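Worksheet: the structure to be examined is printed underneath.
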Amino acid sequence: MNFSSYQRYKLQLSGLLLTLFLTAKTLAADPALSQQQLDTLSALLSETGTPHKKEFNSMVEATQQWRRKPGQERWEVADLNFSAEQKKKVRKYLAALGLINQLKPNKKQFDYALLLGATAPRMKSRFQHLITLWKEGVRFDRIIFLSGERPINDDIDMTEELVSEVIGKEASRDKKQKARPTTEKEAARMVYMSTEMPDDMQNIPVEFFSSSRTWRVDRWQRGNTRDSFKSWAKSNPRPGSALIVSNQPHLLYQQEVIRQELPQGFITEGTAQQADPDSQIIMTLDALALWLHNLQIRTAQKAGQQADRL
């Protein structure tokens, strides 16, 4: 049968519309966030006076105002000027979205425990949380510290206390200076050395991986969670189950990034201590914005893959 140009155009147009319909239907059946989460996110944005449409991409973009500037550390960001009542409501919404409360794993056995880098006190807190889980019966075959080459800040990283825990408070000033860590990776090693743990846990192999700093026009940029994880992935670890160890409000963002970078054959669960009730609201909103940004990336990639298959 011979088709005219107009008939061929109609067939092509019908096929395109069908593809768009099926793609939209597939995405609607597998949304990035549930309707309840979307409603909560919209309520949070309204409470903070942030203009938005009640639609996933619009709300993701609206949250990006809370992201840190490139090269800016969390402790360098000023908090938002919210009233006490506003803070209470915002924290309630953030808790409903999963960025405040403690999370524990459902499984009891993992191949890896991936402990994510941070300031030295924060890494110690995360490691102590992992030790608590061990005492509660959670087991893992290998501990992996994923950190970076961030230069140590003596005040934020509390290096005097960390060094004293490793070599003793009575050590000479010269010895303490020689033992002082200069990077986050070195601090991670000292956190491990200075923390008491059950004897059987001490027999678990431990490895330390870090991401290098990179030059960005006029400054050195430290690696992030994705970079640190990639440094470990390059070692070709055997596929298995991984427990991601963090603290709130950072777990959702970090777990999302790691899931995107995981080689085939890996499954993950996350665990995190409860967020500090005295922490700055902007820190949690920054973590929310990072999580949603990375969730949007995965959603867009998935939509593209689904469209290609139709």
### Query
If R0 is 25 Å, what FRET efficiency do you get for residue 221 and residue 38 from their C-beta distance, rounded to 0.05?
0.15
#### Entry: Bridge type composition, region 109-274 - antiparallel percent by DSSP, nearest 5
15 percent
### Query
Which percent of Cα pairs goes in each bin when the distances of region 110-220 are cut into 10 angstrom slices starting at zero?
14, 42, 31, 12, 2
### Query
How much of the DSSP beta bridge set in the chain is antiparallel, as a percent to the nearest 5?
15 percent
### Message
Can you give me the distance in nm between label points at residue 214 and residue 135, each placed 7 Å from the Cα along the Cα-to-Cβ direction?
### Response
4.1 nm
### Summary
Taking Cα atoms, the helix 251-261 axis meets the longest principal axis of the chain at an angle in degrees (rounded to 10) of 70 degrees
### Message
Helix-only mean residue ellipticity at 222 nm, the chain, DSSP H runs n ≥ 4 weighted -39,500 (n - 2.57), per residue, nearest 500. What is it?
### Response
-16000 deg cm²/dmol
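Grab the Cα-Cα distance for residue 68 and residue 234, subtract it from 0.36 nm times how many residues apart they are, and report the gain in nm with one decimal.
Using 0.36 nm per residue and subtracting the Cα-Cα distance, I get 56.9 nm.
Taking 8 Å as the Cα distance limit and 6 or more residues as the minimum spacing, I'd like the relative contact order of the chain as a percentage. Walk me through the numbers on the way to the answer.
On the way: 438 pairs, mean separation 75.5, N = 310.
Computed value for the chain: 24 percent relative contact order.
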## Note on the structure
The farthest towards the positive end of the charge dipole of region 109-274, of the residues 134, 151, 193, given +1 on Cβ of Lys and Arg and -1 on Cβ of Asp and Glu, is 151
### Task
Please state, to two decimals, what the Cα-based radius of gyration of the chain comes to when divided by 2.2 N^0.38 Å (N = residues).
1.19
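Work out the FRET efficiency for residue 153 and residue 206 from their Cβ-Cβ distance, taking R0 = 25 Å, and round it to the nearest 0.05. Spell out each step's value before the answer.
Numbers: r = 25 Å, r/R0 = 0.98.
Result of the calculation: an efficiency of 0.55.
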#### Entry: Table column - 3J(HN,Hα) (Hz), region 168-179, Karplus curve with 6.51, -1.76, 1.60, x for Gly and Pro
x, 5, 8, 4, 5, 4, 5, 5, 5, 5, 5, 8
### Query
residue 199 label point, 7 Å along Cα→Cβ, cut-off 13 Å on backbone N: hits in region 121-141?
none
### Task
Determine the dipole magnitude for the chain: charges of +1 sit on the beta-carbon of Lys and Arg, -1 on that of Asp and Glu, nothing else is charged, the reference point is the Cα centre, and the result goes in debye to the nearest 20.
920 debye
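Bear in mind these aren't lab numbers, they're just calculated from the coordinates by the rules spelled out. All values reported here derive from a predicted model rather than from experimental measurement. Quick reminder, even Gly has a Cβ in these numbers, built from the backbone with ideal geometry, and neighbours come from all protein chains shown.
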